[in-house]
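What follows is one structure encoded as structure tokens, with my remarks underneath.
The values are calculated or read from the model by the stated rules, or taken from the named source; none is laboratory data. Predicted, not measured: the structure shown is a model, and the values here were computed from it. Methodologically, a virtual Cβ is constructed for each residue, glycine included, from the backbone with ideal geometry; neighbour enumeration extends over all protein chains shown.
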Amino acid sequence: MSVDIIVAGVGGQGSILASHILAEAAILAESESPGGERVNVRVGETFGAAMRGGAVASHVRFGKGVYGPLVSRGQADMVIALEPLEGLRIAVEYIDRDGIVVLNDEIIPPVDVKIGAVRYPEIREIKAALEQLGATVTVVAGNRLAEQAGTVKALNIVMLGAAFRSGILPFGEEILLEAIKRRVPQRFLDANLEAFRLGKESHNA
Amino acid sequence: MAKYKLHQPAGCRELLMGNEAIARGAIEGGLQLMAAYPGTPSSEVGEALIQAHGGGDYYIEWSTNEKIAFEVAAGAAQVGARSITAMKNAGLNVAMDTFMTLPYGGVKGGMVIVVADDPDAHYSSTEQDTRPLAAYAEIPCYEPMDQQEAKDMTRDAFELSEALELPVFVRSVSRISHASGDVTFGPARDRRNSLGFNKHYKLPYRWNVYGAPGPVSKHRWLHGMLSKAREAANSSPYNRLEPVEGAEVGILSSGVAASYTLEAVERLGLSGKVSFLKLGMIHPLPDRLVSQLLAEITTLIVIEEGDPVLESMVRAFAQEKGYQLKIHGKSYDGILPPYGEINADKTAEAIAKAMHVSVEPDKREGRRKELRSLVAPRSSTLCAGCSHLGSYWALREALKEHKGVHIINGDIGCYEQGGYGLFASKINVSEEQSKRHPLRSAYEILDTIYVMGSGIGMAQGQAQAGYRDGKVVAVAGDSTFIHAALPAVVNAVYSRADITFLVLDNRWTAMTGHQVNPNTGVDALGNKTDGFDIPAVAKSLGVKMVRAAGAYQLEESRQAIAEALGFTGPSVVVLYGECMLQVLRRTKRGTAATRVDEQTCTGCTLCVQLGCPAIMFDKEKKKAKIDEINCVDCNLCVQVCSFGAIAVEGAPE
């Protein structure tokens, strides 16, 4: 069995960190069950220049039969969207028929929208579009929950909490929390653990 | 503080980016020197080795360009040290002269050349496949299929290099270098090669291609080493033949394409039905392994990314050996295109096509097509408050004083985005449209972009050919100025070319991730250096008209550019404004205080033309608005607005 997840967002939102936490958890889960079948873990990152604000999609894959770094089209079990338009962009191409989309509702308009050249779709349009492809869409008030946890920077961890609630991650909460501890800076740990809890307990916004 | 991951002990399993894996491989191989010029997607090799350094016993530098980095690494290997250099595909072109010549006599200490290609040109001017260049230079070439191999091959490349006395090429791609995977660590070599110089090391005049009896003797020697290299390829643990008894079809693949092939074969239900030769050491071609595959099959499918490199080698080999078989690849039947990157989907389609197997289509494709119209583009922009926005604005303003079709030659760096255009804009391809000054977007200002340093060279050609319909301008960043523009400036002075050269000085090699350069004032390990004075250098090269101005002072920089444009002959304008991301790292600013006064705003959209991503325009209200989350109060839009509608609240009048 393999798990294919894509974390989509805008540069600076922490999508790469979120994907690395999932990958780290997959490695930890395996070391916790010695003797189990060896799985490969891959993260396919798309990030380029240091400029902020670009579209970022980070593919996380683990399991037997995983070799390449990219999720195949129409095969993503889950898309974690830190930004709605980026979630739409990725999920339209990648979400599986019965995939799950966890969608933050806070938009970051691209410059093309800011200058009035194109329209930003409504959240309900995005949700409806992805449901037409067979996906189950959960909308999360991610930024608000992150601020509630202490810092908007913890948005990515709120979304991991919401993703965990979906039940498709093949490891327990302790393992995911351990991965978070290993990857986030010590001084933000408490806020991030709170962010995870708020995400996990969040309701469809 | 947790141990830095590259310092973990042998046996440890870590998630590493491909470039970090290469760096760990260099540590396991006992590197003694690293020299590189940053270039995406290769830069993190150097960055990881800087982070892992911790007062370590290897020397590391960011060199001023790839050719120099290559020569620094080569010099180290001549005196017996293990050295590594890393560059992007285009970087190898810069290093080409020495790269082609060093194999004539080779090396003493192990030398590893890491080149990260970029299929799909995510971060590059071209998709250039550098594997043929390894073959062209006649040196061994590794091509890792994942991060584990990237680490192991880099480590083993030092050994192979010393065994063959040749530099060894490790060819990565974006999907290896910038992807991450689980990597199990091996032990790090404790021993360091001792240093020594022997003018006639095993060969007369070893380090001098002209030394008697001359270059041909060293070329002959190189070919002798290549046959040893072929043996190494035949027995390489990275070259694996998985024959299937009775299978008529065989698949040959290498590098990241092999990982896609493994997935595609499984998806098509072909596991155990086709023979598979996976190559990790692709040059020289392992003839015995290839023979073993070809002798048993009637159809060969070659799956590779980039150029048909393996395919061409195998076609020639099959002809030589008289194998009668159908070869599917990129050259003739085109089961895969020779451009763009491939993936497991494309690989499955290619194999299915060659084997006449049908793949079940995703029935949602029609629906997807409709939904794509909802997906608004997200154009790449310069950062909010970027100094280049100011420089480009000042240039546009200064050019307004001159009639005609001006040519603005761009270069490589963040500022190249001045030529990207916006995805949402519609371009009418016509002669009339080309005479489009004044410009409406900062993202349309550049007319030519090719490679590092090409702008100032091409500008001279345009001017010297007699182009007088407008001004001829070139722009480059500080790192590019040092990397590739110095001989071109001398050329402009020598030939009295009537051009204006803008150096957009932001003090960092920013686009590749803020590496340092001589203009930053510190070295790779953070030690203070003497710095680099661009205006003084330009003057010392003989430029008579040199001006310097602040990129955030629009009138000052407009005036400096205007003076330069009015000068006949080569002129240089240095516009200084440190990279805003670096400024923000040092000074934690609060919420932005820049506001648009709606009463005063006329909706003229002049500020939108600045190109700052923090400026929004409300189409219904016809008013500009500041995106306070992104705005950094740089004051550029305040200066741009002719109605005084934008102000930084609390700032002195």
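Out of (1) touching a strand residue (DSSP E or B) at 6+ places or on another chain (Cβ under 7 Å); (2) on the phi < 0 side of the Ramachandran plot; (3) of a type outside the set (S, T, Y), the odd one out for A:D190 is which?
Single failed check for A:D190: (1).
So B:L554 passes all but one of these: (1) surrounded by 15 or more Cβ atoms within 10 Å (Cβ to Cβ); (2) touching a strand residue (DSSP E or B) at 6+ places or on another chain (Cβ under 9 Å). Which condition number does it fail?
(2)
Name the helices (runs of 4 or more DSSP H) wholly inside segment B:1-98 in which the number of residues that are of a type in the set (V, I, T), surrounded by 24 or more Cβ atoms within 10 Å (Cβ to Cβ) and under 20 Å from the mean Cα position of the chain (by Cα) is 1 or more. Quick ask: steps written out before the conclusion?
Details: elements: B:18-28, B:43-51, B:66-78.
Counting at least 1 such residues, we get B:18-28, B:43-51.
Kindly indicate whether B:R171 is under 32 Å from the mean Cα position of the chain (by Cα) and either more than 30 Å from B:G272 (Cα to Cα) or in a loop (DSSP other than H, G, I, E, B) (or both). Step through it out loud before you land on a result.
Values: under 32 Å from the mean Cα position of the chain (by Cα): yes; either more than 30 Å from B:G272 (Cα to Cα) or in a loop (DSSP other than H, G, I, E, B) (or both): no.
Considered against the rule, which asks whether it is under 32 Å from the mean Cα position of the chain (by Cα) and either more than 30 Å from B:G272 (Cα to Cα) or in a loop (DSSP other than H, G, I, E, B) (or both), B:R171 comes out as no.
Can you tell me which of A:V152, A:V158 is at the interface with chain B (Cβ under 10 Å from one of its Cβ atoms) and closer than 30 Å to A:P185 by Cα? Talk me through it step by step, then tell me what you get.
Working: A:V158 fails: at the interface with chain B (Cβ under 10 Å from one of its Cβ atoms).
Unique residue meeting the criteria: A:V152.
Could you check segment B:336-382 and list, in sequence order, the residues that are outside the structural domain of B:D307 (by TED's automatic domain parsing) and touching a Pro at 6+ places or on another chain (Cβ under 7 Å)?
Scanning segment B:336-382 gives B:L374, B:A376, B:P377, B:R378, B:S379, B:T381.
Among (1) at the interface with another protein chain (Cβ under 9 Å from one of its Cβ atoms); (2) under 20 Å from B:I176 (Cα atoms); (3) touching a strand residue (DSSP E or B) at 6+ places or on another chain (Cβ under 7 Å), there is one condition A:S72 misses while meeting the rest; what is its number?
Single failed check for A:S72: (3).
With the structure loaded, tell me whether A:G44 is facing another protein chain (nearest Cβ under 7 Å), modelled with pLDDT under 95 and surrounded by fewer than 20 Cβ atoms within 10 Å (Cβ to Cβ) or whether it fails that test. Working first, answer last.
Values: facing another protein chain (nearest Cβ under 7 Å): yes; modelled with pLDDT under 95: yes; surrounded by fewer than 20 Cβ atoms within 10 Å (Cβ to Cβ): no.
In short, no.
Quick check on my filter: what residues within segment B:255-267 are surrounded by fewer than 24 Cβ atoms within 10 Å (Cβ to Cβ) and either among the basic types (K, R) or facing another protein chain (nearest Cβ under 9 Å) (or both)? Reasoning before the result, please.
Step one: list which residues in segment B:255-267 are surrounded by fewer than 24 Cβ atoms within 10 Å (Cβ to Cβ), which gives B:262-263, B:265-267.
Those that are surrounded by fewer than 24 Cβ atoms within 10 Å (Cβ to Cβ) and either among the basic types (K, R) or facing another protein chain (nearest Cβ under 9 Å) (or both): B:L262, B:E263, B:E266, B:R267.
Any chance you could count how many residues in segment A:189-205 are assigned to a loop (DSSP other than H, G, I, E, B) and of a type in the set (S, T, N, Q)? Don't jump to the end; show me each part of the working.
Step one: list which residues in segment A:189-205 are assigned to a loop (DSSP other than H, G, I, E, B), which gives A:201-205.
Still in the running and of a type in the set (S, T, N, Q): A:202, A:204.
Residues meeting the conditions: 2.
Could you list, in sequence order, all residues of segment A:170-188 that are within 16 Å of A:S31 (Cα to Cα) and in a loop (DSSP other than H, G, I, E, B)?
Initially, segment A:170-188 is screened for residues within 16 Å of A:S31 (Cα to Cα), giving A:170-179, A:182.
If the condition is that a residue be within 16 Å of A:S31 (Cα to Cα) and in a loop (DSSP other than H, G, I, E, B), then A:P170, A:F171, A:G172 are the ones that fit.
Could you identify the single residue in B:Q609, B:Q599, B:Q559 that is within 14 Å of chain A (Cβ to nearest Cβ), polar (S, T, N, Q) and out of contact with any Phe, Trp or Tyr (no Cβ under 6 Å at 6 or more places or on another chain)? Let's see the steps before the verdict.
Working: B:Q599 fails: within 14 Å of chain A (Cβ to nearest Cβ); B:Q559 fails: within 14 Å of chain A (Cβ to nearest Cβ).
Step by step, each of B:Q609, B:Q599, B:Q559 is checked, and only B:Q609 is within 14 Å of chain A (Cβ to nearest Cβ), polar (S, T, N, Q) and out of contact with any Phe, Trp or Tyr (no Cβ under 6 Å at 6 or more places or on another chain).
Looking at segment B:495-511, is at least one residue within 14 Å of another protein chain (Cβ to nearest Cβ), within 27 Å of the chain's Cα centre (by Cα), surrounded by 14 or more Cβ atoms within 10 Å (Cβ to Cβ) and free of Cβ contacts under 8 Å to residues at least 60 places away in the same chain?
From segment B:495-511, those within 14 Å of another protein chain (Cβ to nearest Cβ) are B:506-511; that's our starting set.
Retained after the next criterion (residues that are within 27 Å of the chain's Cα centre (by Cα)): B:506-511.
Subsequent filtering for residues that are surrounded by 14 or more Cβ atoms within 10 Å (Cβ to Cβ) retains B:506-511.
Filter once more, keeping what is free of Cβ contacts under 8 Å to residues at least 60 places away in the same chain: none.
Scanning segment B:495-511 turns up no residue that is within 14 Å of another protein chain (Cβ to nearest Cβ), within 27 Å of the chain's Cα centre (by Cα), surrounded by 14 or more Cβ atoms within 10 Å (Cβ to Cβ) and free of Cβ contacts under 8 Å to residues at least 60 places away in the same chain.
Are any of the residues in segment B:231-254 within 14 Å of chain A (Cβ to nearest Cβ), free of Cβ contacts under 8 Å to residues at least 60 places away in the same chain and of a type in the set (G, A, S)?
Within segment B:231-254 (the criterion being within 14 Å of chain A (Cβ to nearest Cβ), free of Cβ contacts under 8 Å to residues at least 60 places away in the same chain and of a type in the set (G, A, S)), the answer is yes, since at least one residue qualifies.
Looking at segment B:313-366, which of its residues are hydroxyl-bearing (S, T, Y) and either within 14 Å of chain A (Cβ to nearest Cβ) or not in a loop (DSSP other than H, G, I, E, B) (or both)? Steps first, answer last, please.
Here is the first cut: in segment B:313-366, the residues hydroxyl-bearing (S, T, Y) are B:323, B:331-332, B:339, B:347, B:358.
Matches in segment B:313-366: B:T347 only.
Would you mind listing the strands (runs of 3 or more DSSP E) fully within segment A:45-140 where at least 1 residues are under 30 Å from B:S387 (Cα atoms) and among the hydroxyl-bearing types (S, T, Y)? Even if it seems obvious, please write down each step before you answer.
Details: elements: A:55-63, A:76-81, A:95-104, A:136-140.
Those strands (runs of 3 or more DSSP E) span A:55-63.
Would you be able to tell me the number of residues in segment A:145-162 that are over 17 Å from the mean Cα position of the chain (by Cα) and in a helix (DSSP H, G or I)? Quick ask: steps written out before the conclusion?
The first filter runs over segment A:145-162 and keeps only residues over 17 Å from the mean Cα position of the chain (by Cα), leaving A:147-151.
Those left that are additionally in a helix (DSSP H, G or I): A:147-149.
Total meeting the criteria: 3.
Would you confirm, using the coordinates I've provided, whether B:T500 is of a type in the set (V, I, T) and either in contact with a Gly (Cβ under 8 Å, 6 or more places away or on another chain) or assigned by TED's automatic domain parsing to the domain that holds B:Y58 (or both)?
Details: of a type in the set (V, I, T): yes; either in contact with a Gly (Cβ under 8 Å, 6 or more places away or on another chain) or assigned by TED's automatic domain parsing to the domain that holds B:Y58 (or both): no.
No: the conditions fail for B:T500.
Do you know which residues across segment B:465-483 are aliphatic (A, V, I, L, M), within 27 Å of the chain's Cα centre (by Cα) and not in a strand (DSSP E or B)?
First, pick out the residues of segment B:465-483 that are aliphatic (A, V, I, L, M): B:465, B:472-476, B:482.
Of the ones still in play, those that are also within 27 Å of the chain's Cα centre (by Cα) are B:473-476, B:482.
Scanning segment B:465-483 gives a single hit, B:I482.
Listed residues B:E149, B:E143, B:E162; which is in contact (Cβ under 8 Å) with a residue 24 or more places away in the chain, assigned by TED's automatic domain parsing to the domain that holds B:L102 and surrounded by fewer than 24 Cβ atoms within 10 Å (Cβ to Cβ)?
Details: B:E149 fails: surrounded by fewer than 24 Cβ atoms within 10 Å (Cβ to Cβ); B:E143 fails: surrounded by fewer than 24 Cβ atoms within 10 Å (Cβ to Cβ).
The unique qualifying residue is B:E162.
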